[in-house]
1. If I filter the stretch 149-187 down to residues being among the hydrophobic types (A, V, I, L, M, F, W, C) and open to solvent by 70 Å² or more (accessible area, probe 1.4 Å), which single residue comes out as farthest from residue 102 (Cα to Cα)?
2. If a residue has to be among the hydrophobic types (A, V, I, L, M, F, W, C) and in contact with a His (Cβ under 8 Å, 6 or more places away or on another chain) to count, how many in the stretch 152-180 make the cut?
3. Listed residues 137, 61; which is surrounded by 16 or more Cβ atoms within 10 Å (Cβ to Cβ) and at pLDDT 85 or above?
4. Working carefully through the options 142, 115, find the one that is farther than 27 Å from residue 25 by Cβ and touching a Pro at 6+ places or on another chain (Cβ under 8 Å).
5. Do the conditions hold for residue 206, that is, is it of a type outside the set (Ser, Thr, Tyr) and either surrounded by 14 or more Cβ atoms within 10 Å (Cβ to Cβ) or at pLDDT 90 or above (or both)?
6. On the basis of being of a type in the set (Val, Ile, Thr), surrounded by 17 or more Cβ atoms within 10 Å (Cβ to Cβ), within 26 Å of residue 102 (Cα to Cα) and at pLDDT 90 or above, does residue 130 make the cut?
7. Would you point out which residue out of 189, 181 is at pLDDT 80 or above and farther than 19 Å from residue 30 by Cβ?
8. Return yes or no: is residue 172 among the β-branched types (Val, Ile, Thr) and within 30 Å of the chain's Cα centre (by Cα)?
Amino acid sequence: MNSELKKYQWAAAGILCYVGAYVFITYDDYDHFFEDVYTLIPAVVIIAVGALLFIIGLIGCCATIRESRCGLATFVIILLLVFITEVVVVVLGYIYRAKVEFEVNHSIKKVYDTYNGTNPDAASRAIDYVQRQLHCCGIHNYSDWETTEWFRETKNHSVPLSCCKATISNCTGSLTRPGDLYAEGCEALVVKKLQEIMMYVIWAALAFAAIQLLGMLCACIVLCRRSRDPAYELLITGGTYA
């Protein structure tokens, strides 16, 4: 049982840290479309919770091995704090998930206006990455490129090559061949992607909050048995009835 508890706590810690790290990595790919850095708060919290679970695993194992009342009480209190933290993550996740659409709508036009087509430029790399990964072109569709400064300066009546469908080998981005280009705009897809990422955080926090609640109940049962059952006390301490 002790080894199973230890494995559970460390597995939970690893999964939570993975989810938090995934949010950080993905945010780095889309950060130009998202100006509010506080959106990362749920990811930061969930990584902190994951790290804390490593410590909880050690405390829980030591407490159950020794059947220490103080250790078990500490274990329950820490689990309660983790449970509350995970509930906070869920609430923050829903709050920032609702803000995603506003943030993207507010910033995406500015990002497209700064596109210059050169690889070292961060905004240009971000747009090309999004258009290739999400199979989209422009804000609402490929015609949005006609209003950009880059389009007017190039004067070749074409869009970036990242708008080209992956199945088209000889695509030049020319607007005279719209069938070669992705028809869907990027704004809605970026919003959808970021909201999906936030939902991963929410579901992970909900799942582990439920498991933490079960862990608290089990630890409380052990505490109650230890304090109310003399036979259980003697069994633990190695004593016997006369």
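The values are calculated or read from the model by the stated rules, or taken from the named source; none is laboratory data. Just so it is clear, the structure is predicted and the values come from calculations on it, not from any experiment. Reconstructed Cβ throughout: ideal geometry from the backbone, glycine too, with neighbour counts over all protein chains shown. Note: areas computed on protein heavy atoms with side chains; ligands, DNA, RNA excluded. Shrake-Rupley method; radii C 1.70, N 1.55, O 1.52, S 1.80 Å.
1. By that ranking, first place goes to 166.
2. Residues in the stretch 152-180 being among the hydrophobic types (A, V, I, L, M, F, W, C) and in contact with a His (Cβ under 8 Å, 6 or more places away or on another chain): 2 in total.
3. 137
4. Values: 115 fails: farther than 27 Å from residue 25 by Cβ.
Being farther than 27 Å from residue 25 by Cβ and touching a Pro at 6+ places or on another chain (Cβ under 8 Å) holds for just one of 142, 115, which is 142.
5. yes
6. yes
7. After applying the criteria, what remains is 181.
8. Considered against the rule, which asks whether it is among the β-branched types (Val, Ile, Thr) and within 30 Å of the chain's Cα centre (by Cα), residue 172 comes out as no.
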